[in-house]
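Encoded as structure tokens, the structure appears first; notes follow it.
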Ligand SMILES: Nc1nc2c(ncn2[C@@H]2O[C@H](COP(=O)(O)OP(=O)(O)O)[C@@H](O)[C@H]2O)c(=O)[nH]1
Ligand SMILES: [Mg+2]
């Protein structure tokens, strides 16, 4: 099976709930008029694309209909696919891959996000990618809030063959990161992946803790963490993006990793994230296995949800 076919399979629910519905209203309409455009707009909104990006898409669609005198509804479908690809390709022209590694090492990446979004699992997946490229990887268990968190990361470390620095339940995450980075530098690790907690007593506490980790990391390795990835659960749609905003303000987030795109109809959420948060989707996850991650490729993603 080709990569595109595999992706299509994983994104089938999104295809069915969103693009297939568009195809259906176009088929039933038979002609291009205001009602048809309105129906398409409603579907885009319901598919969790977000209001802004939907307006952009609809404006563009109306413009194309006018300019190219599109009168058959059949054409609308492929025009729409192309509009979404074009918008995303513009937004994504300068993003690097998730296995990016500069000359200066160790390269430190911190993962943040609400509890249960898939941070720990995603770390295993990213570790797996770097390891496959022959890089050494150190995992850091800085989620000291949940008792089982360290154990979960430990199991993943064994599975993928990464090193790990653990922590005691309740330990200060910033000191865990301090000793981990000191050791990573001494042992010349290529990549350090930091797992963090998703829930504390209050949101304010969590943000303060993450900011403290940031400051501490920067003290040990200048300008680290070099990347901070925000992990968002696609099944929560626009709500997930709303929650994510809490992280965007205090932290400097370099990319979103969108998880659980398998088995959700809300995959349309990927289309509006860059527009809404001004942060690119770096990677998408479509399952619980270590290889269920891929770099976000706008064109492939849109083709996978549009094409049967
Ligand atoms: N179906 C699916 N499940 C996922 C994906 N990513 C994570 N999960 C599951 O989501 C649950 C929470 O993941 P975890 O990594 O513990 O989240 P954390 O609390 O953010 O660290 C686990 O059961 C994972 O197996 C994904 O891409 N697809
Ligand atoms: Mg976790």
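The values are calculated or read from the model by the stated rules, or taken from the named source; none is laboratory data. This is a predicted model, so every value here is computed, not measured. Cβ sites come from the backbone with ideal geometry, for glycine too, and all protein chains shown count toward neighbours.
Is it the case that residue 223 is in a loop (DSSP other than H, G, I, E, B), out of contact with any helix residue (DSSP H, G or I) (no Cβ under 7 Å at 6 or more places or on another chain) and closer than 27 Å to residue 168 by Cα?
Judged against the criteria, residue 223 is a match.
Go through the range 89-117 and give me each residue that's away from ligand 1 (no atom under 16 Å from the Cβ) and farther than 17 Å from residue 254 by Cα.
Listed by number, the residues that qualify are 89, 90, 103, 104, 105, 106.
Can you go through 119, 158, 93, 125 and tell me which one is modelled with pLDDT of 95 or more and surrounded by fewer than 16 Cβ atoms within 10 Å (Cβ to Cβ)?
Step by step, each of 119, 158, 93, 125 is checked, and only 158 is modelled with pLDDT of 95 or more and surrounded by fewer than 16 Cβ atoms within 10 Å (Cβ to Cβ).
If you take the residues in the range 253-271 that are in contact with a helix residue (DSSP H, G or I) (Cβ under 8 Å, 6 or more places away or on another chain) and surrounded by fewer than 20 Cβ atoms within 10 Å (Cβ to Cβ), which one is modelled with the highest pLDDT?
265
Tally time: how many residues in the range 156-199 are farther than 20 Å from residue 100 by Cα and within 12 Å of ligand 2 (Cβ to nearest atom)?
5
For the range 175-213, which positions are part of a helix (DSSP H, G or I) and buried (at least 19 other Cβ atoms within 10 Å of the Cβ)?
Within the range 175-213, 176, 177, 180, 181, 184, 206, 209, 210, 213 meet the criteria.
Among the listed residues 177, 204, 191, identify the single one that is within 18 Å of residue 145 (Cβ to Cβ), touching a strand residue (DSSP E or B) at 6+ places or on another chain (Cβ under 8 Å) and more than 16 Å from ligand 1 (Cβ to nearest atom).
Answer to the selection: 177.
So, in the range 116-143, exactly how many residues are in a loop (DSSP other than H, G, I, E, B) and either under 15 Å from the mean Cα position of the chain (by Cα) or not assigned by TED's automatic domain parsing to the domain that holds residue 203 (or both)?
3
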